[in-house]
Amino acid sequence: MPVARYPDPDVLHPITGYDKLVFLKNCITRPNISVGAFTYFDVTGTPDARAEDFETHNVLYHFDFIGDKLLIGSFCALGSGVRFLMNGANHELAPVSTYPFGIFSDGWEAAPPLCQSRGDTVVGNDAWIGFGATIMPGRTIGHGAIVGSGSLVAKDVPPYAIVGGNPARVIRQRFPDAVVERLLAVAWWDWPYAKIARHLPLIAGADVDALERAAGE
């Protein structure tokens, strides 16, 4: 059997001669951001953007003192202009003023910080987030989901759902519920890289029965 080949997940620019796309995990330096293998970020169509600047230009209001994390799975595709708004963008609604007095010094630090945390932002494996989409704080995007270009994701996205709009709503499910359960059980993104390479025709195909058989090998 020939040796299974696959791209090096540790290279920055996996497409020779093209610097607008990166394997994103190789750009991440902050401990509160985690990205899985082979997830890419592509800034095609944004002339002045550098894909390497993702964690500073596309992850916004992410302050260490809040403690929230951005967790992105493997084999995701992130389009140019995708933005993750983190919990530092939130303000409390109950007080008379929503102004965050407490984050400043020179006397105002006595006021309580007006930052309402909704927890970590999580993107599952094999998700596709289209050009210019915005993900609000604390949202979860399920495995295999698709977020349409320009969408504002303010609610959790189910696995293998297609969402779009502002606010984003479910347009349809990619597969029936029973098939979604089978695909989640297969979890091909957790396979060894060599096994993924051997079974690419199945992963990139539509024969779920054959994919399940391959999972059991």
>> If you scale each eigenvalue of the Cα gyration tensor by 5 and take the root, what three semi-axes come out for the range 176-217, rounded to whole angstrom and sorted largest first?
In response: 17, 11, 8
> With springs only between Cα atoms under 10 Å, which of ALA194, ALA77, ALA145 fluctuates most in a Gaussian network model of the chain?
Replying inline: ALA194
> For the chain, modelled as a Gaussian network with Cα springs under 10 Å, which listed residue fluctuates most, GLY107, GLY45, GLY142?
Replying inline: GLY107
> On the first, second and third principal axes, largest extent first, how far apart are the outermost C-alpha atoms of the range 52-102 in Å?
Replying inline: 44, 20, 17
> Excluding ALA154 itself, what net charge comes from residues whose Cβ is under 15 Å from its Cβ, given Lys and Arg +1 and Asp and Glu -1?
Replying inline: +4
>> Output needed: percent of Cα pairs per 5 Å distance bin for the chain, bins running from 0 to the one holding the longest distance.
In response: 1, 7, 13, 17, 16, 15, 12, 8, 4, 3, 2, 1, 0, 0, 0
> When the helix-only estimate is applied to the chain (DSSP H runs of n ≥ 4, each -39,500 (n - 2.57), divided by the residue count), what is the mean residue ellipticity at 222 nm, nearest 500 deg cm²/dmol?
Replying inline: -3500 deg cm²/dmol
>> Can you compute the charge dipole magnitude of the chain about its Cα centre, using +1 on each Lys and Arg Cβ and -1 on each Asp and Glu Cβ, nothing else charged? Give it in debye, rounded to the nearest 20.
In response: 480
> Which far-off residues, 5 or more places away or on another chain, put their amide H under 5 Å from the one on GLY164, with H placed in the peptide plane?
Replying inline: GLY148, ARG169, ILE171
>> Cross-link candidates for LYS25: which lysines have Cα within less than 18 Å, leaving aside residues fewer than 8 places away along the same chain?
In response: LYS69
> Helix 177-186 versus the longest principal axis of the chain: what angle, 0 to 90°, nearest 10, using Cα atoms?
Replying inline: 80
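Just so you know, all these numbers are worked out from the coordinates, no wet-lab data involved. These numbers come from a predicted model, not from an experiment. Cβ atoms come from the backbone with ideal geometry, glycine included; neighbour counts cover every protein chain shown.
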